[in-house]
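> Sharing a structure, written as structure tokens. Questions coming.
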Amino acid sequence: MTRAAYTRETLAQRVVFGDGAVAQLGAEVERLGGRRVLLVATPGCAPLVAAAADGLGRLLADRFEQAAMHTPVAVTASAQRVAIARRADTVVSVGGGSAVGLGKALALRERLLHVAVPTTYAGSEATPVLGETRDGRKTTRRDPALVPRTVVYDPLLTHGLPAGLSGTSGLNAIAHAVEALYAAEGDPLTDVQARAGIAAMAEGLRGIFSQGDIAAARRAALAGAWHCGSVLATAPMGLHHQLCHVLGGSFDLPHSETHAVLLPHVAAFNAPAAPAALQAVAETLGAPPDHRAAASALLALAAAVDAPASLRQLGFAGTPEQVQQVVAQVLERPYPNPRTPDADGLRTLLRAATEGEEPR
Ligand code: NAD
């Protein structure tokens with residue numbers, strides 16, 4: 001796969017990776033000039049919060065453990081009050097995309113330094129993007145100031161991520177890489193990094209589910225998440241991400257599970273229009289180097305990690321009215337995609353994904 005022309009803007013970010021790296025958190029904050037840290041997380045992540053608090057030591061000013069999916073602005077306002085009251089100059093987010101989203105929102109509003117400690121594979125820590133919800137409506141903004149200054153990846157913190165969530169979160173990451181490979185605005189670096197991300201994540205997920213060397217598997221998966229998040233930062237996402245946004249926003253379907261179900265279907269839909277990209281996906285997953293093999297290779301990986309197989313399992317009934325609502329929203333303003341979506345094609349895709357049928 002070669003690219004004829006491209007423009008690339010590289011984002012500035014320091015990355016620290018390694019088992020036990022969370023112990024360096026305090027040193028990383030001080031390196032940026034931070035002195036008073038507000039630690040943010042989602043509820044129920046006590047071991048992660050404790051590890052980050054230990055790493056911060058005397059720099060910890062307070063903690064806020066109410067981060068929520070899709071960064072509701074009311075939650076951000078509550079955290080903002082704590083940050084102001086405690087005169088925080090730094091936010092450290094520990095957890096998945098929900099915690100990192102709150103860290104970004106706070107950093108932007110209060111001009112705080114932001115150090116992210118990601119513990120899922122969602123990839124938000126690598127991007128200049130923030131999606132926020134107000135009264136049930138999600139708006140997304142893109143701003144280089146949203147990129148966390150430092151990311152501390154500690155694979156040991158991901159050992160407790162439940163296997164099922166690891167699988168769907170990993171497929172969520174792979175979806176970033178698949179869409180980057182066929183993005184018209186990709187570049188040679190995103191191509192290399194997307195393939196590295198898919199390979200590392202597939203290796204990591206297979207290792208997590210085979211009960212072999214768990215520490216090595218967790219390291220591979222988190223490194224894969226970093227690569228996949230990095231391509232999400234620079235290459236615009238296509239139909240797959242649009243369908244996930246529409247289904248998540250309108251029907252409240254769970255984030256990573258929706259990605260896991262839809263990915264093979266969108267790969268099959270796009271394969272004829274992006275053969276080189278889908279061939280790369282197939283090859284990277286160890287399937288024959290043929291664009292038509294990508295969807296089944298992704299489906300096999302999803303089955304190997306016990307990912308849900310249908311949107312119906314996630315609570316989407318797929319009534320004609322619901323399908324029409326999704327189709328209308330996608331066609332109103334389609335994301336850039338190698339194959340221009342049409343109503344019939346989208347209905348077929350959604351029917352197969354709803355019922356868990358073979359991708360077509
Ligand atoms: P999440 O952050 O909500 O985490 C899912 C669950 O896993 C939570 O209950 C969390 O407490 C738990 N968890 C996290 N790490 C754990 C660990 N190591 N051990 C045990 N439990 C753990 O979900 P997510 O899928 O990571 O992120 C989804 C959110 O991120 C969405 O709001 C999505 O829109 C956003 N996102 C944004 C971007 C971006 O670039 N802006 C990219 C990807 C995702």
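> Which value, in debye to the nearest 20, describes the size of the charge dipole of the chain about its Cα centre when Lys and Arg Cβ atoms bear +1, Asp and Glu Cβ atoms bear -1, and nothing else is charged?
For this selection, approximately 1000 debye.
> With a 10 Å cut-off between alpha carbons and a GNM built on the chain, which of Gln211, Gln313, Gln324 moves the most?
Looking only at Gln211, Gln313, Gln324, the largest GNM fluctuation is found for Gln211.
> Taking a quarter of the surface of the convex hull around the Cα atoms of the chain, what do you get in nm²?
Mean projected area of the Cα convex hull: 16.4 nm².
> State, to one decimal in nm², a quarter of the convex hull surface area for the C-alpha atoms of the range 267-313, i.e. the direction-averaged projected area.
Its average projected convex-hull area is 3.3 nm².
> For Val29, Val305, which order do you get if you count the other beta carbons within 10 Å of each Cβ and list the fewest first?
Val305, Val29
> Let me ask something else about it. If you plug each phi of the range 207-213 into the Karplus form 6.51 cos²θ - 1.76 cosθ + 1.60 with θ = phi - 60°, what whole-Hz ³J(HN,Hα) values come out, in order, with x for Gly and Pro?
With coefficients 6.51, -1.76 and 1.60, one gets x, 4, 8, 9, 6, x, 7 Hz.
> Have a look at Leu113, Asn172, Leu262 and report the one farthest towards the positive end of the charge dipole of the chain, computed about the Cα centre with Cβ charges (Lys/Arg +1, Asp/Glu -1).
Positive-end residue among those listed: Leu113.
> I need the fraction of alpha carbon pairs in the range 163-355 separated by more than 22 Å, rounded to a whole percent.
Taking all Cα-Cα pairs of the range 163-355, the fraction more than 22 Å apart is 41 percent.
> Compute the long axis of helix 239-251 from its Cα atoms, compare it with the longest principal axis of the Cα atoms of the chain, and write down the angle in degrees, 0 to 90, nearest 10.
Roughly 70 degrees, rounded to the nearest 10.
> Cα centroids of the range 193-253 and the range 47-68: how far apart, whole angstrom?
Result: 26 Å between the Cα centres.
> Which cross-chain or sequence-distant (5 or more) residues have an amide H under 5 Å from the amide H of Asp290, H modelled 1.01 Å from N in plane?
Glu283
> When only alpha-carbon atoms are used, what values of Rg and Dmax, in angstrom, describe the range 89-177?
In order Rg, Dmax, the Cα atoms of the range 89-177 give 13.2, 37 Å.
> Could you work out Rg/(2.2 N^0.38 Å) for the range 15-158, with Rg from alpha carbons only?
Cα Rg divided by the expected 2.2 N^0.38 Å: 0.92.
> Here is a further query. Just name one of Thr71, Val29, Gly55: the one whose Cα is farthest towards the positive end of the charge dipole of the range 11-77 (beta-carbon charges, Lys/Arg +1, Asp/Glu -1).
Checked the options; the winner is Val29.
> Taking amide H positions as placed in the peptide plane 1.01 Å from N, state which residues far from Tyr153 in sequence (5 or more) or on other chains have amide H under 5 Å from it.
The answer is Val16, Phe17, Gly18.
> Looking at the chain, send over the antiparallel percent of its DSSP beta bridges, to the nearest 5.
Antiparallel bridges make up about 20 percent of those DSSP assigns within the chain.
No value in this document is a laboratory result; all are computed from the given coordinates. Just so it is clear, the model here is predicted, and its values are computed rather than measured. With ideal geometry, Cβ positions are generated from the backbone for all residues, glycine too; neighbour counts draw on all protein chains shown.
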